[in-house]
Amino acid sequence: MREVFWKLLSLACVLVLAGCSNASAGRKGAPTVDIGSTTLFQAAEDPSLIAKLDAIISSGANLNAKDKDGMTALHHAVAADNGDAVIMLVRAKADPAIKDAQGRTPEQVAEQEGKKKALRAFERAVG
């Protein structure tokens, strides 16, 4: 019993350090954006936060949560042309088929906006 307590406490510390909060679901289980999701988006954009992105993913964050523009963490990684984050998110099972408010998947955004690192990352992640 004591071992379970320490494991749960350790997990709680990881979540707090990763900037995650309780994730809540909206109608019909749709993900809502909370502080944890915002932190996920920032980590997906910033190459210097790749270790934090890994911690957030490991904590079980909802990788398919959307921001106000319908963008997921994968969209944010593509917009920033952060190839390492694209690979990490795709391999962690972020859904590459989710469309933003403009009806574009992350890969379509990469193609339309000339995000070469992101495009190469998609190829490496699935290959």
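The values are calculated or read from the model by the stated rules, or taken from the named source; none is laboratory data. Everything numeric here is computed off the predicted structure, so don't read it as measured data. Here Cβ is always computed from backbone atoms with ideal geometry, including for glycine, and neighbour counts include all displayed protein chains.
All of 91, 120, 124 fail the test of being closer than 22 Å to residue 48 by Cα and modelled with pLDDT under 95, apart from 124. Note on the range 92-109: residues that are outside any loop (DSSP other than H, G, I, E, B), under 14 Å from the mean Cα position of the chain (by Cα) and surrounded by fewer than 18 Cβ atoms within 10 Å (Cβ to Cβ) amount to 0.
Of all residues being part of a helix (DSSP H, G or I) and not aliphatic (A, V, I, L, M) in the range 44-81, which is farthest from residue 118 (Cα to Cα)? Just the residue, please. In this case the residue turns out to be 58.
Here is a yes/no grid of residues against (1) surrounded by 21 or more Cβ atoms within 10 Å (Cβ to Cβ); (2) in contact with a Lys or Arg (Cβ under 7 Å, 6 or more places away or on another chain); (3) modelled with pLDDT of 95 or more:
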site: 4; (1), (2), (3): no, no, no
site: 8; (1), (2), (3): no, no, no
site: 73; (1), (2), (3): yes, no, yes
site: 83; (1), (2), (3): yes, yes, yes
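Considered as a group, the residues in the range 42-71 that are small (Gly, Ala, Ser), on the phi < 0 side of the Ramachandran plot and touching a residue at least 12 places away in the same chain (Cβ under 8 Å) include one that is surrounded by the fewest Cβ atoms within 10 Å (Cβ to Cβ), and that residue is 58. Taking the stated definitions as given, is residue 125 of a type outside the set (Lys, Arg) and surrounded by fewer than 19 Cβ atoms within 10 Å (Cβ to Cβ)? Here the answer is yes, as residue 125 does meet what is asked.
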